């Protein structure tokens with residue numbers, strides 16, 4: 001694929017580069033094929049969206065190879081690396097590549113399901129603090145522990161941060177992590193969307209603490225998604241907060257929330273309307289009506 005990378009590198013009109021499920025020829029490894037390809041891509045300065053999915057990058061050095069691309073492409077806006085098993089060394093190399101970016105155009109970084117450990121997330125999040133125009137960050141499906149939460153808290157409170165969307169689905173977040181993040185979430189007055197699905201280690205104490213972000217007067221939070229945490233979010237303390245708040249926020253729960261109404265004989269306050277929406281799965285969208 002080296003010849004293909006050569007022409008990609010010299011193309012001045014290419015905007016999107018998508019790489020899915022690379023299958024190397026007989027006798028070659030994925031690393032060898034991609035390394036040759038990305039040596040050519042390094043020369044490209046027109047790509048705005050870099051997207052690689054479902055490619056096993058464990059043991060590869062492609063982010064070292066791509067260092068020049070990240071460093072010199074001042075048009076790069078969106079990076080998506082999904083289900084690529086980046087590994088420890090790969091996450092360090094990715095962090096170095098992000099830190100070497102000279103451009104200020106980077107707005108969206110999505111790193112879903114790459115099995116990045118907490119230490120690697122610390123390096124990546126720290127590198128992203130150098131990008132003042134970052135608006136969307138998705139860390140879903142990685143391992144966010146206490147050090148990672150501390151680094152993320154620092155990023156959220158950074159004076160130049162304008163983060164609008166934060167995805168923390170299935171990152172094994174627990175009550176201690178919530179405790180670390182909440183003060184920063186309260187100060188991040190640009191945040192509009194927060195995803196915290198399938199974090200089963202969060203207990204009622206963590207949800208109660210997290211609910212306080214909705215009390216911030218100047219909050220711009222519009223979508224708060226906590227589907228997949230059903231057995232905990234059924235607790236009355238959390239739902240009582242949802243009924244009483246007057247913030248203009250949409251909450252997405254899974255269908256099990258309906259069971260709560262029957263079990264606890266709970267009715268929302270007059271400030272709320274409950275509407276059934278069919279998305280990928282049945283959900284209940286709870287939308288406050290400001291009076």
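Every number here is computed from the coordinates shown, using simple stated rules; none is lab data. These numbers come from a predicted model, not from an experiment. Glycine gets a Cβ as well: all are built from the backbone with ideal geometry, and neighbour counts include every protein chain shown.
Some points to look at:
- Semi-axes of the equivalent ellipsoid for region 2-254, Cα gyration tensor, largest first, Å: 36, 19, 15
- Rounded to the nearest 0.05, the FRET efficiency derived from the C-beta distance between residue 7 and residue 74 at R0 = 22 Å is 0.55.
- Simple spin-label estimate for residue 200 and residue 119 in nanometres, 7 Å along Cα-Cβ: 2.7 nm
- Taking N as its residue count, the alpha carbon Rg of region 181-227 over 2.2 N^0.38 Å: 1.11
- For region 1-109, taking the reciprocal of the average inverse distance between every pair of different Cα atoms yields a Kirkwood hydrodynamic radius of 13.8 Å.
- P(r) tail for region 97-193: Cα pairs beyond 17 Å make up 45% of the total.
- Based on the Stokes-Einstein relation at 10 °C and a viscosity of 1.306 mPa s, and on the Kirkwood radius from alpha carbon pairs, region 146-201 is assigned a translational diffusion coefficient of 139 µm²/s.
- Spherically averaged projected area of the convex hull of Cα atoms, region 67-111: 2.9 nm².
- Take the Cα of residue 22, step 7 Å toward its Cβ, do the same at residue 160, and the gap between the two points is 3.1 nm.
- Pairwise centroid distance, computed over Cα atoms, of region 112-141 with region 17-94, Å: 16 Å
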